[in-house]
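In what follows, a single structure is set out as structure tokens and then discussed.
The values are calculated or read from the model by the stated rules, or taken from the named source; none is laboratory data. Here the structure is a predicted model, which is why all the values come from computation and not from measurement. Using ideal geometry, Cβ is built from the backbone for each residue, glycine included, and neighbour counts are taken over all protein chains shown. With ligands, DNA and RNA removed, areas are computed over all heavy atoms of the protein, side chains included. Shrake-Rupley method; radii C 1.70, N 1.55, O 1.52, S 1.80 Å.
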Amino acid sequence: MTRLRVSRLIVGAATVVGLLLGTSPAAAAPAPAPGARVTASPDGFALDGRAWWPTGFNAYQLATDWSVNWGCGAMVDLDAYFGPLPPNSLTRFNLFQALAVNRFTGQLDFGPMDAVFAAAEAHDQMLLPVLTPQDGACEDEVFKGRQWYVDGWTEFTPGHEQVVMSYRDWMHTAVARYRNSPSLAAWELVGEPETSSCTDPACHWWTRSCEPGAAQVLRDFFDTAGAELRAVDPHTLITAGYTGGGQCGTQGDEYQFVSASPYVDAVQYHDYGADGLPLPGDQWNGLARRVAQAAAVGKPLLVAEIGELAGSCGSLGDRADHITTKIEGQRAAGTAGALLWAFVPDPREADCTYDIGFDDPLWDVVEDLGSLEPSTLPNAQFSP
């Protein structure tokens, strides 16, 4: 609590000017310390010192193991998933504390999560773990309102069997456990953060309000939680998992203000709808604007979710063509990578869904459009 109030005092005066001009207070903290496999610069990402434009999947359910936890989606044969992935792919997945709680004992059980990292390491694949969801899905089912970003993330509220500690404690625990994995690409503090205020018990999206100062609250969170994460893991990148379409706290110029946090190393945009259109959205909150804002703060922008419905409502081949057009256009516009939503081991082929199964032509898209600069060093290897 004290640390958060100090952060507000430091950046408060600069915030007014920053929001008016679309700029932000100067970043005072250092970049991640050397030693991580993945690094970021205004030019994009690098893997083992080589320019990297990652492609891959969201595979949120990888840590699901019904013999241990409550799960989140279908169980996945991890070797069957990581084995066929094109080399140097990136997979974003749920590292929620609920998936580390044994549903029979109520105690922490890291077995399913350890298995994900072990499989990724065995196949030399890269991971982007998300530490908690904005909407509470597959965790405590509670939407994170504005107050959560003020101080709720530091507090533990008993009452839900899948949550046994505060977010702060979970972040420290998970980061300390996996910080040395050679498959760790970056940390994502919150999936799709927004600082809305709930106005009804169910917190329906159409009744939420966005109060003044929402961007400052989110910026304070990244400054404070990000500093704590970096103290535990000084090497690994931190990415802000924005939806990017004008959500509370990142509307218009606010996106750039929050992204200027010294503890945000890469930013995100999530792309749904506008099938086949590379740069969706309007002049205020569209992807073209986000690319320009990311460039202004010198940080790469990962399009971390690209989803298009297919199945009963469209062919898988057409979807692959549309997403190819999107990714090629986005890369030309300056994005730094693309992840598809979402791999599942049991796609519902007769329904209209975002499901991507093992035989989907989007696997070829991932292989064809990702790239890693050839190594100039003989037998280069990573040493954690």
Fill in the blank from the handout: Condition set open to solvent by less than 30 Å² (accessible area, probe 1.4 Å) and touching a strand residue (DSSP E or B) at 6+ places or on another chain (Cβ under 7 Å), scope region 97-115, selection farthest from Gly56 (Cα to Cα): answer is Val101
Practice task
Go through region 174-219 residue by residue and tally those that are polar (S, T, N, Q) and open to solvent by 60 Å² or more (accessible area, probe 1.4 Å).
Solution key: 2
Problem - Tabulated pairs, region 42-59, first more than 30 Å from Tyr354 (Cβ to Cβ) and open to solvent by 30 Å² or more (accessible area, probe 1.4 Å), second small (Gly, Ala, Ser) and modelled with pLDDT of 95 or more, C-beta under 7 angstrom, 6+ apart or interchain - result: Pro42/Ala295; Pro42/Gly298
Exercise for the section: Identify the single condition in (1) touching a His at 6+ places or on another chain (Cβ under 9 Å); (2) farther than 30 Å from Ile238 by Cβ; (3) of a type in the set (D, E, K, R) that Glu305 does not satisfy, given that it satisfies every other one. Expected result: (2)
Problem - region 212-228 residues that are acidic (Asp, Glu), paired with ones that are at pLDDT 95 or above (beta carbon under 8 Å, 6 or more apart) - result: Asp220/Tyr149; Asp220/Val150; Asp223/Ser261; Asp223/Pro262; Asp223/Tyr263; Glu228/Arg168; Glu228/Met171; Glu228/His172
Completion exercise
Taking region 218-239 and the residues there that are in a loop (DSSP other than H, G, I, E, B) and over 16 Å from the mean Cα position of the chain (by Cα), the one that is nearest to Leu47 (Cα to Cα) would be His235
Problem - Residue, nearest to Asp220 (Cα to Cα), within region 151-163, restricted to residues that are surrounded by 18 or more Cβ atoms within 10 Å (Cβ to Cβ) and of a type in the set (A, V, I, L, M, F, W, C) - result: Trp153
Completion exercise
For region 354-372, pairs from a residue that is touching a residue at least 12 places away in the same chain (Cβ under 8 Å) to a residue that is assigned to a helix (DSSP H, G or I) and open to solvent by 20 Å² or more (accessible area, probe 1.4 Å), with Cβ under 6 Å and 6 or more apart or across chains, are Asp360/Leu316; Pro361/Leu316; Pro361/Gly317; Val365/Thr324
Practice task
Within region 266-275, identify whether any single residue is free of Cβ contacts under 8 Å to residues at least 40 places away in the same chain and more than 29 Å from Leu184 (Cβ to Cβ), and answer yes or no.
Solution key: yes
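Output the residue which, of all residues in region 69-83 that are among the aromatic types (Phe, Trp, Tyr) and touching a helix residue (DSSP H, G or I) at 6+ places or on another chain (Cβ under 7 Å), is nearest to Leu131 (Cα to Cα).
Going through the qualifying residues, I end up with Trp70.
Looking at this structure, is Gly311 surrounded by fewer than 23 Cβ atoms within 10 Å (Cβ to Cβ), modelled with pLDDT under 95 and either more than 21 Å from Trp53 (Cα to Cα) or small (Gly, Ala, Ser) (or both)?
Details: surrounded by fewer than 23 Cβ atoms within 10 Å (Cβ to Cβ): yes; modelled with pLDDT under 95: no; either more than 21 Å from Trp53 (Cα to Cα) or small (Gly, Ala, Ser) (or both): yes.
Against the criterion (surrounded by fewer than 23 Cβ atoms within 10 Å (Cβ to Cβ), modelled with pLDDT under 95 and either more than 21 Å from Trp53 (Cα to Cα) or small (Gly, Ala, Ser) (or both)), Gly311 does not qualify.
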Completion exercise
Being of a type in the set (A, V, I, L, M, F, W, C), more than 16 Å from the chain's Cα centre (by Cα) and under 28 Å from Ala80 (Cα atoms) narrows Ala137, Ala122 down to just Ala122
Completion exercise
Checking Asp140, Asp124 in turn, the sole residue that is in contact with a His (Cβ under 8 Å, 6 or more places away or on another chain) and either surrounded by fewer than 21 Cβ atoms within 10 Å (Cβ to Cβ) or assigned to a helix (DSSP H, G or I) (or both) turns out to be Asp140
Practice task
Within region 149-178, count every residue that is more than 29 Å from Ala215 (Cβ to Cβ), of a type in the set (A, V, I, L, M, F, W, C) and in a helix (DSSP H, G or I).
Solution key: 1
Exercise for the section: Inspect all residues belonging to region 277-290 and state whether any of them is under 17 Å from the mean Cα position of the chain (by Cα), open to solvent by less than 50 Å² (accessible area, probe 1.4 Å) and touching a residue at least 24 places away in the same chain (Cβ under 8 Å). Expected result: yes
Practice task
Would you be able to say whether some residue in region 102-116 is of a type in the set (D, E, K, R) and assigned to a loop (DSSP other than H, G, I, E, B)?
Solution key: yes
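Okay, residues lined up against (1) surrounded by 15 or more Cβ atoms within 10 Å (Cβ to Cβ); (2) in contact with a strand residue (DSSP E or B) (Cβ under 6 Å, 6 or more places away or on another chain):
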site: Gln293; (1), (2): yes, no
site: Leu316; (1), (2): yes, yes
site: Leu340; (1), (2): yes, yes
site: Asp346; (1), (2): no, no
site: Cys352; (1), (2): no, yes
site: Gly357; (1), (2): yes, no
site: Leu372; (1), (2): yes, yes
Exercise for the section: Answer yes if at least one residue in region 341-363 is of a type in the set (Asp, Glu) and assigned to a helix (DSSP H, G or I), and no otherwise. Expected result: no
